[in-house]
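For reference, the structure is listed below as structure tokens.
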Amino acid sequence: MPKYIFVGGGVMSGIGKGVATASIGKILQSKGYTVTAAKIDPYVNLDAGTMNPIEHGEIFVTADGTECDQDLGNYERFLDVTLSTDNYITTGRVYQTVINRERNLGYKGKCVEVVPDIPNEVISRINKAAKNNGADFILIEIGGTVGEYQNLLFLEAVRMLKIQKPKEVLFVLVSYLPVPKMIGEMKTKPTQYAVRSLNMAGVQPDIILARSVVPIDGARKKKIANACSILEEDVISAPDIKYIYEIPLNFEKENLGNRILAKFGMRQKKVEMNDWKKLVRTIKTAKKTVKIGLVGKYFKTGEFTLMDSYISVLEAIKHAVWFYKRKLELHWISSEDYEKDGSKVRNLKKYDGIIVLGGFGKRGIEGKIKAIEYCRKNKIPYLGLCLGMQLAVIEFARNVCGIKGANSAEFSPNSKEKVIDVMPDQKVLIKEKKYGGTLRLGEYECSIKKGTISFKAYGVKTVSERHRHRYELNNDFRAVLEDNGLVIAGVNPERNLVEIIEVKNHPFFVATQFHPEFKSRPLKAHPLFLEFIKAAIKKQRK
Ligand code: GLN
């Protein structure tokens, strides 16, 4: 039977609950236990697939094709596990199951009630996730902040589970302690209120992670302990830091892992953090940089840059950069800039490598194509991800094969030269407006052609990578593209779909229909990102 560790947030959102959850898992793993994690999102959406990244952040895709919250990406990266649809719970999913069960007479004539039937479904979903992964611990992060209406039923599930299994449930509150400038002192009162809200829901925290700009001091630990009825040593300092992968090490300095184990009457079996520590040392000490430009469009909201929309790509680049003991210098490039002023594209030559990111819809497309053309012609290492592959094909068709009207059915449905087109099965879905959960999603096999850059990178004939797209390279144009020198480096054998393209006589021009970034891990950088960064470093040396 697994132990349950719930992680909830106090005071405000955006304080790193996901990374805190992943870090707790990492610590327990390092002490010899198996760990899995699940995310509860209080929204009514069945999944994150229909949400705009600017609103929601990255849409992470699991191996089994669930479009979910980016925190599942954090869990996979920190814990090096593969999660599934069962590790993702939303209000929409819970209600849909309960309503369907009622329609099928699953409640045997009983009146179905919000409480306890909804929390019961939450508990059964958590148990399913734990069982599937057969882990010693399941971490369950509850999205949102305590005190808000939306996550009450999930807290009710915690309360009920704690009655059922008093010794197997722990609640960690990640709370924010502001240090207002005009006072210059860390304030504990908002956290005290957060704990009171939690108490009103019938839940008492066992551990409080004190998130703040600086470490919490002894006096304030004591204050929180007194006011919130927990032990001083269970108030864990969690100051802002620059590198998320350092967080497990910082928590360990506060003895968090053994505090958790002690509460369950368990002990550490071993301590194995050396590789992780080495990685953190590299991250903190690397001096030489690699300069990468990311061309996309989901990172502007007002005056702020949203890094969250592409977090897995960002992490995958970093993993590869750290492998080469370098430091990443990253620049966000809005493709729309090149549409306003085409000559700006020449700025791309100052980068060691360029990535054109995934995306949906017409906005910014022509700017991206200009950037790709520049990289192809000027031999700048180029990695195209999903849309970045489709646009590379359009660029090649237009400028190398002379198919001037080449386009994608997504942007120009009436074009005669749709080098990127939609599959027949997808056409039906679009017509019926069945958008949610119907993209080509999750892992599919890809056969890699020998002699290509991709083959050199992967070193194997078959790989499996995660997808999230509706459109594909149109096989009708394959011959003309290949005749003009485009390399089809990877193909899905089952449906004969192009998965990877390359351009010859170029130091690195590789673009994938899939999203390799989802499978990169801090200590196991993805082969394509490794090869891309290698080429970028080579360009820099020149
Ligand atoms: N919009 C494109 C498609 O649906 C690419 C999607 C993506 O980049 N993830 O096929």
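The values are calculated or read from the model by the stated rules, or taken from the named source; none is laboratory data. A quick note: this is a predicted structure, and the numbers were derived from the prediction, not measured. Methodologically, a virtual Cβ is constructed for each residue, glycine included, from the backbone with ideal geometry; neighbour enumeration extends over all protein chains shown. These accessible areas exclude ligands, DNA and RNA; they are computed on the full protein's heavy atoms, side chains included. Shrake-Rupley method; radii C 1.70, N 1.55, O 1.52, S 1.80 Å.
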Query raised in the report: With each run of n ≥ 4 DSSP H residues scored as -39500 (n - 2.57), what mean residue ellipticity at 222 nm is computed for the chain after dividing by its residue count and rounding to the nearest 500 deg cm²/dmol?
Result: -11000 deg cm²/dmol
Query raised in the report: Please identify the GluC sites (Glu not before Pro) of the stretch 422-466 that satisfy two criteria: DSSP loop assignment and at most 13 other Cβ atoms within 10 Å. Which are they?
Result: GLU432
Query - Residue-span extension gain [LYS263 to ASP80] - 0.36 nm each, minus C-alpha spacing - result: 63.3 nm
Report summary line: Given the candidates VAL419, VAL480, PHE323, the one whose Cα lies deepest towards the positive end of the charge dipole of the chain, counting +1 at each Lys or Arg C-beta and -1 at each Asp or Glu C-beta, is PHE323
Requested in this report: List the trypsin sites (Lys or Arg not before Pro) within the stretch 206-272 that fall in a DSSP loop (any state other than H, G, I, E or B) and whose Cβ has at most 15 other Cβ atoms within 10 Å.
Outcome: LYS242, ARG267, LYS269, LYS270
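Send over a whole-number figure in Å² for the accessible area per residue of the stretch 1-123, probe 1.4 Å.
Each residue of the stretch 1-123 exposes 34 Å² on average to a 1.4 Å probe.
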Query raised in the report: Do any trypsin sites (Lys or Arg not before Pro) in the stretch 372-454 lie in a DSSP loop with no more than 13 other beta carbon atoms within 10 Å, and if so, which?
Result: LYS404, LYS416, LYS433, LYS434, LYS450
Query - Translational diffusion coefficient (Stokes-Einstein; Kirkwood radius from C-alpha pairs) of the chain at 37 °C, 0.692 mPa s, in µm²/s - result: 132
Query raised in the report: Which order do peptides 524-535, 273-284 fall in by mean Cβ count within 10 Å, highest first?
Result: 524-535, 273-284
Query - Full-extension gain in nm, ILE163 to ARG521, via 0.36 nm per residue minus C-alpha separation - result: 125.1 nm
Query raised in the report: Expressed as a whole number of Å, what is the distance separating the alpha-carbon centroids of the stretch 271-299 and the stretch 406-447?
Result: 35
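What number, in nm² with one decimal, is the all-direction average of the projected area of the convex hull of the alpha-carbon atoms of the stretch 69-205?
Taking a quarter of the hull surface, the average projection is 10.6 nm².
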Query raised in the report: What whole number of Å gives the distance from the Cα centroid of the stretch 343-400 to the Cα centroid of the stretch 196-218?
Result: 47
Report summary line: Scalar couplings 3J(HN,Hα) for the stretch 69-77 by Karplus 6.51 cos²θ - 1.76 cosθ + 1.60 (θ = phi - 60°), nearest whole Hz, x for Gly and Pro, are 6, 4, 5, 4, x, 4, 4, 4, 5
Query raised in the report: How large is the accessible surface per residue of the stretch 231-338, computed with a 1.4 Å probe and reported in Å² as a whole number?
Result: 50
Requested in this report: Report the label-to-label distance for GLN540 and LYS350 in nanometres (one decimal), using points 7 Å from each Cα along the Cα→Cβ vector.
Outcome: 1.6
**Report entry** Nonlocal amide H pairs with GLN70, under 5 Å, H built at 1.01 Å
**Finding:** PHE60
Report summary line: Amide H contacts under 5 Å for ARG470, restricted to residues at least 5 apart in sequence or on another chain and with H modeled in the peptide plane, are ARG440
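Using the beta-carbon distance between LYS108 and TYR43 and R0 = 25 Å, what value does 1/(1 + (r/R0)^6) give for FRET efficiency, to the nearest 0.05?
That gives a FRET efficiency of 0.25.
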Requested in this report: Please go through the residue pairs LYS370/LYS504; LYS287/LYS534; LYS287/LYS377 and name each one whose alpha carbons sit more than 23 Å apart in this structure.
Outcome: LYS287/LYS377
Query raised in the report: Ordered by residue, what ³J(HN,Hα) values in Hz, to whole numbers, does the stretch 240-255 give under the Karplus form 6.51 cos²θ - 1.76 cosθ + 1.60, where θ = phi - 60° and Gly and Pro are x?
Result: 4, 9, 7, 10, 4, 6, 7, 4, x, 5, 5, 4, 5, 4, 9, 6
Query raised in the report: What nm value, rounded to one decimal, do you get for the distance between LYS287 and LYS431 when each label is placed 7 Å out toward the C-beta?
Result: 6.5
**Report entry** For VAL174, residues with placed amide H under 5 Å, excluding near neighbours
**Finding:** GLY8, GLY9, GLY10, LEU209
Report summary line: Quick calc, VAL460 & MET1: beta-carbon distance into FRET formula, R0 30 Å, rounding 0.05, result 0.20
Query raised in the report: Got a sec to turn the phi values of the stretch 50-61 into Karplus ³J(HN,Hα) couplings, 6.51 cos²θ - 1.76 cosθ + 1.60 with θ = phi - 60°, whole Hz, x for Gly and Pro?
Result: 9, 8, 6, x, 5, 7, 10, x, 4, 9, 7, 10
**Report entry** Heavy atoms of ASP240: accessible area, 1.4 Å probe, square angstrom to 10
**Finding:** 80
Query raised in the report: Alpha carbon centre of the stretch 123-192 versus the stretch 219-267: separation in Å?
Result: 15
**Report entry** Within the accessible area of the chain (1.4 Å probe), percent carbon and sulfur
**Finding:** 51
Query raised in the report: For ASN100 and GLU272, what is the calculated FRET efficiency with R₀ set at 35 Å and r taken between the beta-carbons, to the nearest 0.05?
Result: 0.20
Query raised in the report: If the cut-off is 15 Å between C-alpha atoms, which aspartates and glutamates fall inside it for LYS418, apart from same-chain ones fewer than 8 positions away?
Result: GLU395, GLU410, GLU472, ASP476
